[in-house]
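One structure is given below, encoded as structure tokens.
The values are calculated or read from the model by the stated rules, or taken from the named source; none is laboratory data. What you see is a predicted model; the values in this text were computed from it and never measured. All Cβ positions, glycine included, derive from the backbone under ideal geometry; neighbour counts span all protein chains shown.
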Amino acid sequence: MKTALILGATSEVALALADQLAAKSVNLILAARNVENILPVKSDLSIRYGITVSVVAFDAANPSTHKHFYESLVPKPDTVICVFGYLGDHTRALTDWEECTTILNSNYVGAVSILNVIANDFENRKEGMIVGLSSVAGERGRQSNYLYGSAKAGFTAYLSGLRNRLFKSGVQVITVKPGFMKTRMLKGMKTSPFLTAQPEKAAALIIRAMHHKKDVVYVLPTWKWIMLIIRNIPEFIFKKLKL
């Protein structure tokens, strides 16, 4: 890696990734809607690690700007990490279409829009790595968050197809499936410490997966086995469960 673009750079996991990549002398392009929130990070990382750090405005919810956004980047990244997402209020989204579309657009439409542009560039260059943070929530629809889960299911399928398409061009596509992570997204939710990753640990595991060029990785291996069980519960039983 020479230059990594982090999309959604204000999240806790993104900031941990930025710090750990900077420590490996990777130059960074930090993209977020609220750039003022990451200007202090730019100064800190560039001073501590002696790398080049750029901060750019990026709005995942505005696909019409994505092509221009990417074309304006100089230099172009060789690694892209798509971190942004929005859990949203599932109960509200059941009756509020605006909240519902925000969930769908933030977790699927926006990601597909920008990664389509990047994938075309990487395919032409015959190099690059794309990392997408999906979710274990996309592996089976549950009544408590199936809107978010369905968007992440779509994103997981998109990354799988992208990996299949770009393999022959030498482009690596990695699907990351976090379970619970100790971030603002889960603020107020009670989660088991055995199933909840700290952002720094999650970042380290993601970077390790990038180094080993994995295809699909669970942030905590325990989730792989939990989801194996959940996926294989017969539907006539599963539909009766309160999950």
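Figures for the structure shown
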| item | result |
| --- | --- |
| Matching residues, segment 123-141, being under 20 Å from LYS177 (Cα atoms) and touching a Lys or Arg at 6+ places or on another chain (Cβ under 9 Å) | MET129, ILE130, LEU133, SER134, SER135, VAL136, ALA137, GLY138, GLU139, ARG140 |
| Selected residue (only one of LEU220, LEU205, LEU228 is in a loop (DSSP other than H, G, I, E, B) and either among the hydrophobic types (A, V, I, L, M, F, W, C) or modelled with pLDDT of 90 or more (or both)) | LEU220 |
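Per-residue answers, yes or no, for (1) touching a residue at least 60 places away in the same chain (Cβ under 8 Å); (2) of a type in the set (Ser, Thr, Tyr); (3) surrounded by fewer than 21 Cβ atoms within 10 Å (Cβ to Cβ):
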position	(1), (2), (3)
ALA9	yes, no, no
GLU12	yes, no, yes
LEU17	yes, no, no
ASP78	yes, no, yes
ASP96	no, no, yes
LEU104	no, no, yes
